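Colleague: Next up is a structure, given as structure tokens.
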Amino acid sequence: MDSAEYERKIAARFATFDQDGNGYISREDFSTAAAALCGEFAATARSEKGQALYIGAEAFWQGMAGIADRDGDQRITRDEFVGGAVKRLRDNPGRFAEIARPFLHAMITAADGDGDGAVTPGEAGRALKALGVPEDVAATVAAALDGDGDGRVTEQEIVTAFAQYFTVPE
């Protein structure tokens, strides 16, 4: 796959972060994602789970801005996302995973109905749907996250899949 094709495929993932569709990624997009998850899993913003989601979203935003916001305007454009974040993270998906981990951990904690530290594919699907993924796609993706078929999706499975989605174009 040539570089232009790689960049085109990764640019399509930009919309996942641009929650309000205004053409750039900002702190507000991450706060919107936290609020959507709070709503889906009945966590108030001031609850422990709600605070974890907002703190995780802020950490994720700071990590993304630190590697992609080239002009320092607190907004990541599509070009900055492709040219900054993706190019820097393509060779090190683990770094991207670590930037996302606090938010993903909080998401799992909020969605974990039985408190065992993992989510069911159904709970993962609800989280994806809350983040704007179409219901049929969310269900398919969530089922695929349970690679060993044990009915549980662990934090490591989610973090790994998340990093691959944003750093591997296939």
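Colleague: Rounded to two decimals, what is the ratio between the C-alpha radius of gyration of region 1-119 and 2.2 N^0.38 Å?
Modeller: Dividing the Cα radius of gyration by 2.2 N^0.38 Å gives 1.11.
Colleague: Further, regarding this structure: What is the sum of charges around A52, taking Lys and Arg as +1, Asp and Glu as -1, for the other residues whose C-beta is under 14 Å from the C-beta of A52?
Modeller: Residues close to A52 contribute a combined charge of -1.
Colleague: Oh, and also: Just to check I understand the Karplus step: with θ = phi - 60° and J = 6.51 cos²θ - 1.76 cosθ + 1.60, what whole-Hz values come out for region 123-129, glycine and proline as x?
Modeller: With coefficients 6.51, -1.76 and 1.60, one gets 5, 4, x, 4, 5, 4, 4 Hz.
Colleague: Please name whichever of I25, A106, G151 sits farthest to the positive end of the charge dipole of the chain, dipole taken about the Cα centre and charges placed at Cβ: Lys and Arg +1, Asp and Glu -1.
Modeller: I25
Colleague: Return the calculated 222 nm mean residue ellipticity for the chain, to the nearest 500 deg cm²/dmol, obtained by summing -39500 (n - 2.57) across DSSP H runs with n ≥ 4 and dividing by the residue count.
Modeller: -19000 deg cm²/dmol, from helical runs alone.
Colleague: Compute the helix-to-body angle for 27-40: its Cα long axis versus the longest principal axis of the chain, expressed 0 to 90° and rounded to tens.
Modeller: The answer is roughly 20 degrees.
Colleague: Something else now. Can you work out the FRET efficiency for the pair A15 and N92, with r the C-beta to C-beta distance and R0 = 30 Å, to the nearest 0.05?
Modeller: So, using R0 = 30 Å, E works out to roughly 0.80.
Colleague: Same structure, new question: I need the per residue convex hull volume for region 51-170, using only the alpha carbons, in cubic angstrom as a whole number.
Modeller: 109 Å³
Colleague: Assign unit charges at the C-beta atoms only (+1 for Lys and Arg, -1 for Asp and Glu), then state the dipole size of region 3-167 relative to its Cα centre in Debye, rounded to the nearest 20.
Modeller: In total the dipole reaches around 420 debye.
Colleague: Something else now. For region 35-85 and region 106-146, compute the distance between their C-alpha centroids and round to whole Å.
Modeller: Value for the Cα centre distance between the two parts: 19 Å.
Colleague: For the charge dipole of the chain, defined by +1 on Lys and Arg C-beta atoms and -1 on Asp and Glu C-beta atoms about the Cα centroid, which residue among A11, V137, I76 has the Cα displaced farthest towards the positive pole?
Modeller: I76
Colleague: Between R78 and T160, what length in nm is gained on full extension when 0.36 nm per residue of separation is reduced by their alpha carbon distance?
Modeller: Residue separation times 0.36 nm, minus the Cα-Cα distance, leaves 27.2 nm.
Colleague: Would you mind calculating the relative contact order of region 3-167 from Cα pairs under 8 angstrom and at least 6 residues apart, reporting the percent as a whole number?
Modeller: RCO, region 3-167: 23 percent.
Every number here is computed from the coordinates shown, using simple stated rules; none is lab data. Quick caveat, the model's predicted, so the values are computed rather than measured. Glycine also receives a Cβ, built like all others from the backbone with ideal geometry; neighbour counts cover every protein chain displayed.
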